[in-house]
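The structure appears below as structure tokens.
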Amino acid sequence: MWRDKTVSVIFPTYNEKDSIRAAIEDFFASDLVDEVVVVNNNAVPGTDDEVAATRARLIHEPRQGYGYAIRRGLEEATGDILVISEPDGTFSGHDVMKLLAYSDDLPVVFGTRTAREFVWEGANMGFFLKWGNYAAGKLMEFLFNTTFLSDVGCTMRLLHRHVYEALRDQFTVGGSAFGPHLMLLVILNGYPFVEIPVNYRRRVGASSVTGNKWRAFLLGCEMVAMILRYRIASWCGRLPRTSPPETKATRPASDS
């Protein structure tokens with residue numbers, strides 16, 4: 001609970017059997033999280049047993065893809081505030097408090113893994129991934145004239161429920177590029193946001209995407225193409241938008 005608002009954490013899982021129980025307990029240990037929704041996205045055998053040993057709620061999503069898992073988790077979560085993260089050991093439940101603190105003033109908070117002081121030894125944030133995410137973030141920031149952006153691939157982020165409910169009918173991406181897709185929808189619909197540094201630790205096990213440089217490169221290309229496509233489409237008036245409610249921020253996050 002945060003200032004009389006319930007907090008839900010969404011964990012998509014595919015290859016996190018060896019880390020998911022510890023991740024769930026870590027986020028509950030913050031004493032701010034009311035529920036953890038784990039979305040089994042055709043996960044490796046034994047994952048359900050690990051989740052069953054915790055207080056988390058388990059959901060199965062048959063459609064393969066990170067985006068489909070996140071979308072299902074958001075749909076199933078009941079909290080007033082929705083936190084998206086991953087149960088692979090890279091993110092810390094301690095950072096939930098940081099996201100929530102900024103959520104008092106803004107309806108969307110994005111995490112960034114590019115601050116050197118918050119990247120732990122052994123974390124998969126080498127030169128290629130760091131500067132690839134940074135470049136894509138700067139491209140998005142420049143083309144849409146937003147506030148500071150440095151990491152389009154960071155899973156850890158927060159949405160107030162009213163933002164999710166306004167955007168959910170605009171979700172079209174089911175794969176690994178859902179992260180920047182969500183960011184673009186937030187920008188295009190004029191919701192104010194801020195990006196803050198979060199801890200990024202060594203992953204338990206191997207990632208099916210960033211663990212392979214070729215796949216990571218292709219995903220980066222997909223993200224850049226999406227940013228360019230959305231900018232052009234918005235200029236042509238081909239993207240739906242909502243009317244965001246009044247917030248403490250008086251200026252929109254975009255001039256689009």
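Read-outs: derived from the displayed coordinates by stated rules, not from any lab. Just so it is clear, the model here is predicted, and its values are computed rather than measured. All Cβ positions, glycine included, derive from the backbone under ideal geometry; neighbour counts span all protein chains shown.
Here is how the numbers come out for the structure above:
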| read-out | value |
| --- | --- |
| Gain in span if fully extended, residue 236 to residue 120, counting 0.36 nm per residue against the direct Cα distance | 37.5 nm |
| Distant-in-sequence amide H partners of residue 36 (H built 1.01 Å from N, under 5 Å) | 9, 57 |
| Contour excess over end-to-end distance, with Cα ends at residue 25 and residue 101 and 0.36 nm allotted per residue | 25.2 nm |
| Ranked list, fewest to most other Cβ atoms within 10 Å of each Cβ, for 236, 221, 154 | 236, 221, 154 |
| In the range 7-235, lysine pairs closer than 25 Å at Cα, eight or more apart or cross-chain | 6 |
| Two-site label geometry, residue 218 and residue 6: point separation in nm, points 7 Å out along Cα→Cβ | 4.1 |
| Amide H contacts under 5 Å for residue 60, placed H, 5+ residues apart | 40 |
| Residue-averaged 222 nm ellipticity for the chain, from DSSP H runs of 4+ at -39500 (n - 2.57), nearest 500 | -11000 deg cm²/dmol |
| Listed peptides 33-39, 191-197 by packing density, highest first (mean Cβ within 10 Å) | 33-39, 191-197 |
| Label corresponding to Cα extents along the principal axes in Å when calculated from the structure given, among [x] 49, 44, 37; [y] 73, 46, 25; [z] 73, 52, 25 | [x] |
| Highest-fluctuation residue, 72, 201, 229 considered, GNM on the chain with Cα pairs under 10 Å | 229 |
| Spatial separation of Cα centroids for the range 20-63 and the range 106-125, in angstrom | 22 |
| 3J(HN,Hα) from dihedral phi, the range 147-164, Karplus parametrisation 6.51/-1.76/1.60, rounded to Hz, x for glycine, proline | 5, 4, 9, 9, 7, 7, x, 6, 5, 6, 7, 10, 10, 6, 4, 5, 5, 4 |
